[in-house]
Every structure is written in structure tokens, then in C-alpha cells.
Amino acid sequence: NKMTAWEYVYEDASDIVARIPIIAAFIYNLKYRGDKQVAIDPKLDMGANFAHMIGQSEQYKDVARMYFILHSDH
């Protein structure tokens with residue numbers, strides 16, 4: 001049905017967008033940190049978790065949050 005087909009596309013797109021920081025952190029760690037991967041911390045938000053996964057400092061977590069907020073509308 002054409003009226004409900006978008007629901008599945010929306011769900012798939014949301015899943016992909018949710019995984020972008022994980023994929024980006026994996027690539028960053030592979031290239032710049034000798035493939036030293038860091039697990040996700042479920043207690044952190046998306047920006048802080050990205051900073052955590054790429055091994056950055058506590059101050060960078062605030063920068064990552066701001067970056068994701070400012071660029072979330074694109």
C-alpha cells in the first residue's frame with residue numbers, strides 16, 4: 001500500500017542515522033588509533049558517546065554535543 005510504505009523507509013532511515021556515530025568512531029579508531037576500539041557507554045548521550053568512543057577528553061564531549069545539535073537540522 002502506497003499510504004503506509006513510507007513507515008518502513010522511515011524506520012530504516014532512522015536506524016541508519018542512529019548508527020552513523022558508531023561507524024564514524026570505528027573508522028576514526030581504525031585510521032588514527034591503531035584499531036583500538038572503545039565500547040559504547042549506554043549512560044552517555046550521542047555526542048558524549050561519540051567523544052568517548054574516539055578516546056577524547058571530557059571537554060570534547062561538550063564540543064561533540066554542540067556539534068551534533070547544530071548540525072542535526074541538515
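The values are calculated or read from the model by the stated rules, or taken from the named source; none is laboratory data. Predicted model only: the values in this text are computed from it and were never measured. For neighbour counting, all protein chains shown are included, and Cβ atoms are generated from backbone atoms with ideal geometry for every residue, glycine included. Heads up: the accessible areas ignore ligands, DNA and RNA and are worked out on the full protein's heavy atoms, side chains in. Shrake-Rupley method; radii C 1.70, N 1.55, O 1.52, S 1.80 Å.
Some points to look at:
- Just one of the listed residues (Lys2, Lys43, Lys61, Lys36) is among the charged types (D, E, K, R) and part of a helix (DSSP H, G or I), namely Lys61.
- Residue pairs meeting the criteria (Cβ under 8 Å; at least 6 apart or on separate chains; first within 22 Å of Pro42 (Cα to Cα) and of a type in the set (S, T, N, Q), in the range 1-21; second part of a helix (DSSP H, G or I) and open to solvent by less than 90 Å² (accessible area, probe 1.4 Å)): none
- In the range 24-47, the residue that is farthest from Met66 (Cα to Cα) out of those that are open to solvent by 90 Å² or more (accessible area, probe 1.4 Å) and of a type in the set (Phe, Trp, Tyr) is Tyr32.
- Given (1) more than 14 Å from the chain's Cα centre (by Cα); (2) aliphatic (A, V, I, L, M); (3) surrounded by 11 or more Cβ atoms within 10 Å (Cβ to Cβ), index of the condition Val9 fails: (3)
- Of all the criteria given as (1) without any contact (Cβ under 8 Å) to a residue 24 or more places away in the chain; (2) open to solvent by less than 70 Å² (accessible area, probe 1.4 Å), the one not satisfied by Ile54 is (1).
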